[in-house]
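Novice: Once you've had a glance at the structure underneath, I'll fire off some questions.
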Amino acid sequence: MPPELPPLDLGLTWDHRFAQLGPGYATELAPDPLPAPRLVALCEPLARDLGLDPAQLREREAIEAFSGSRPLAGSRPLASVYSGHQFGVWAGQLGDGRAILLGETRSANGPWEIQLKGSGRTPYSRMGDGRAVLRSSIREFLASEAMQALGIPTTRALMLTASPKPVLREELETAAVVTRVAPSFIRFGHFEHFAAAGDVEALRRLADFVIDSFYPEVRSSARTAEAFGGNPYAAFLEQVSERTARLMAQWQAVGFCHGVMNSDNMSILGLTLDYGPFQFMDGFDPDHICNHTDSGGRYAWNRQPNVAWWNLHCLAQALMPLVEDQAPLLAALESYKSVFPQAMLARLGAKLGLAEVTEADQPLVDEALKLLAAGRTDWPLFWRQLSRHAAGGPVAPVRDLFIDRASFDAWHARWTLRIAGEDTPGTRMLATNPQFVLRNHLAELAIRRAREGDDGGVQTLLALLQRPFDDDPAHDAEYAGLPPSWASSLEISCSS
Ligand code: AMP
Ligand code: MG
């Protein structure tokens, strides 16, 4: 073992409230250093949000600290334990098998937990090596910041570091660490863990912590009193359920497929969490399965909203010992059934340029989806071209995306009529339908370059994805066009 490097003090203020919950929630342990870490990419706006100096983060000491080689002064590293349902089956105990929470820092923007993903084995690694490979780490880093810029709740990525250390997956790859940041990394699976263990006191402490930190209004709201007889846990479930419903609508609208919506990958804050075999869809296929390992299509695009609801039932089940009666918990899940479709209609209506969407618009939306599905029309391009057209451009670039022009023309006539009274729909649509999306092939090309030591592709993508609604003539052709034919043969699996 090489001698430990002296700690780096970045001047962060630490709180460590998760660590203070007690020893039953986690195991305190240090990250396992990686040799010769190098900085691949840094998210400067996030650094500033954390009160950190981006220039300092580019220095060797910081790169060592965020790849797990050098302690961060004031941190209190730990791996947390959770359980969960994987592919619909109870999987028992899981946990942070390759992520180490450095702790919780306090900033002007609220609390932020900082976590290193890929920083070595933990007591929850099971058969895993505790590492993450550069390929999947680039995907997670870019997707996190892409989602953020699209306005979709997500865990964040501060830094991406890589090491030449070999890591075996289907082939030999190399190691990397994503420095992830979120107000909390607590998952549905944390609740399931203590419920399954029959540890009601630990479950209650966890629920109280999450409520007091992130949902304090449920303690005293009129809704809690009226709908749930004053029970904060049921009211809390309703809030989680509504956040999750809105998140699902955002995923669906941007064509995002998560790929592994296991209950241990569901954030209690309604954030997009654990980017693995995800995909932003190219051609629209409602049955699209992005995870090569998901042969049954449990997590296909059109199943995501139902799966989220299924996972919310797992959470409800876990909260049972705190509520004693299942009626308020089932009642708390009810609103998902109205919040999701309303949010979905609002999202798709906005994509179509409608300032106000009503149920009367549902057929127009449904027919657009039918049309897109029939021809497997490219999802991002359709919406962007339609936005340009709404902003005064010709219809041809949208129309040319369809083989069945007659059906498109019929739909287009209805849509034209509907948006006729809208005020500047094109401007709104261009700020709703992104020009730059992290398609699989774009990530793949950046990964190939980074594997050769050239991080330029990652950095270019990061810059474009941070401003996804802005045209960028220098990059439009290469980064905003139809995917090449080889893109559809890319196989993305759970292996990461
Ligand atoms: P995921 O499918 O990435 O959400 O991972 C499921 C579980 O396996 C989580 O508890 C992870 O921490 C764990 N895990 C995944 N990959 C590894 C690995 N390479 N080493 C250790 N644990 C892992
Ligand atoms: Mg996971």
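Novice: Counting only pairs 8 or more residues apart or on different chains, how many lysine pairs in the chain have their Cα atoms under 23 Å apart?
Specialist: Close lysine pairs under the 23 Å cut-off: 4.
Novice: Now for a different question. If you project the alpha carbons of the chain onto the principal axes, what extent comes out on each, in Å, largest first?
Specialist: Computed over the Cα atoms, the extents are 69, 59, 43 Å.
Novice: Using the count of nearby Cβ atoms within 10 Å as a rough guide to exposure, how do TRP301, TRP309 rank from fewest to most? Walk me through the intermediate numbers first.
Specialist: Working: TRP301 23, TRP309 17.
Result, fewest neighbours first: TRP309, TRP301.
Novice: Loop sites only, by DSSP: take the GluC sites (Glu not before Pro) in the chain that have at most 15 other C-beta atoms within 10 Å and name the longest stretch containing none of them.
Specialist: Looking at the chain, 172-323 is the longest stretch - no exposed GluC sites (Glu not before Pro) with at most 15 other Cβ atoms within 10 Å.
Novice: Which semi-axis lengths, in whole Å and largest first, follow from the square roots of five times the eigenvalues of the Cα gyration tensor of the range 13-188?
Specialist: Square roots of five times the eigenvalues give 22, 20, 17 Å.
Novice: Normalised radius of gyration for the range 106-199, please: alpha carbon Rg relative to 2.2 N^0.38 Å, two decimal places. Walk me through the intermediate numbers first.
Specialist: Details: Rg = 15.4 Å, N = 94, 2.2 N^0.38 = 12.4 Å.
Against the compact-globule rule of thumb, the ratio is 1.24.
Novice: Quick one: Cα centre-to-centre distance for the range 277-312 and the range 83-121, in angstrom?
Specialist: The range 277-312 and the range 83-121 have Cα centres spaced 23 Å from each other.
Novice: Roughly what % of DSSP beta bridges within the chain run antiparallel, to the nearest 5?
Specialist: 95
Taken together, the values in this text are just the output of simple stated rules run on the coordinates, not laboratory data. Note that this is a predicted model, so its numbers are computed, not measured. Here the Cβ is made from the backbone with ideal geometry for all residues, glycine too, and neighbour counts use every protein chain on show.
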